[in-house]
1. Please identify the chymotrypsin sites (Phe, Trp or Tyr not before Pro) of region 41-119 that satisfy two criteria: DSSP loop assignment and at most 16 other Cβ atoms within 10 Å. Which are they?
2. Hey, any idea what % of the chain's accessible area is carbon plus sulfur with a 1.4 Å probe?
3. Using the beta-carbon distance between residue 86 and residue 3 and R0 = 25 Å, what value does 1/(1 + (r/R0)^6) give for FRET efficiency, to the nearest 0.05?
4. Can you compute the charge dipole magnitude of the chain about its Cα centre, using +1 on each Lys and Arg Cβ and -1 on each Asp and Glu Cβ, nothing else charged? Give it in debye, rounded to the nearest 20.
5. Residue 104 versus residue 158, label points 7 Å from Cα toward the beta carbon: distance in nm?
6. Taking trypsin sites (Lys or Arg not before Pro) as candidate sites, keep only those in a DSSP loop with at most 12 other Cβ atoms within 10 Å, then name the longest stretch of the chain containing none of them.
7. Could you calculate the FRET efficiency of residue 27 with residue 116 from 1/(1 + (r/R0)^6), where r is the beta carbon distance between them and R0 is 35 Å, rounded to 0.05?
8. Let me know the charge dipole size of region 1-52 about its Cα centre in debye, to the nearest 20, where only the beta-carbon of Lys, Arg (+1) and Asp, Glu (-1) is charged.
Amino acid sequence: MTLDASLRLRDDAVRGGDERQARITLERKIADGVFLGGGAGVWEGDGGFTEFRPHQQLIVIREPLLTRTRLEQRVFDGADRVEIRFRQQVQLAQGVAPRTQAVVSGEWLRLLQKRCDDPMLFRTEWAGRAALVTQVGERMFLGAAYIAILEPRRGFPDRLAHVPQVTVDFVF
């Protein structure tokens, strides 16, 4: 079981301003290094929107490589229909010092069904993430990361987001 919560500080009021999220994921080992699971999350933004997001996923771990295939359903307040998206992630983790790992990952996201016919909703995103994670206690990890998210937008300028990230993880 994984519980996660985050706060996204955004200066872009057009995209909803700051955002809070909480998500739970349950996974079951179905073979050596293979996990099947799913869960749901709730997102809430300063702009007054709320999103409910169930997901299903398959994780395959062959150290130091991890792949995650996820299908998400995004239910928005006032949307015409449920948005459906496919996400494929590949991650590589490597120890760089005692109790410290470097983690790099790439993710491809494809929108399979839009929530409405808005031409500003584009179908594909690419994300790259680089992080350093260090164990600071028996069950506590601290991390710092940089994420670049590219959204190619046919007929419009592409969007590139730069996301600094700080993480605190507890393992129970």
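The values are calculated or read from the model by the stated rules, or taken from the named source; none is laboratory data. The structure displayed is predicted, hence computed values, not measured ones. Because the Cβ atoms are built from the backbone with ideal geometry, glycine has one as well, and the counts that use them run over all protein chains shown. Each accessible area value is taken on the protein alone, full model and side chains, heavy atoms only, with ligands, DNA and RNA left out. Shrake-Rupley method; radii C 1.70, N 1.55, O 1.52, S 1.80 Å.
1. 49
2. 60
3. Details: r = 24 Å, r/R0 = 0.96.
With a Förster radius of 25 Å, E is 0.55.
4. 480
5. Each label point lies 7 Å from its Cα, and together they span 1.9 nm.
6. Counting at most 12 other Cβ atoms within 10 Å as exposed, the longest clean stretch of the chain is 1-80.
7. 0.65
8. That gives region 1-52 a dipole magnitude of about 220 debye.
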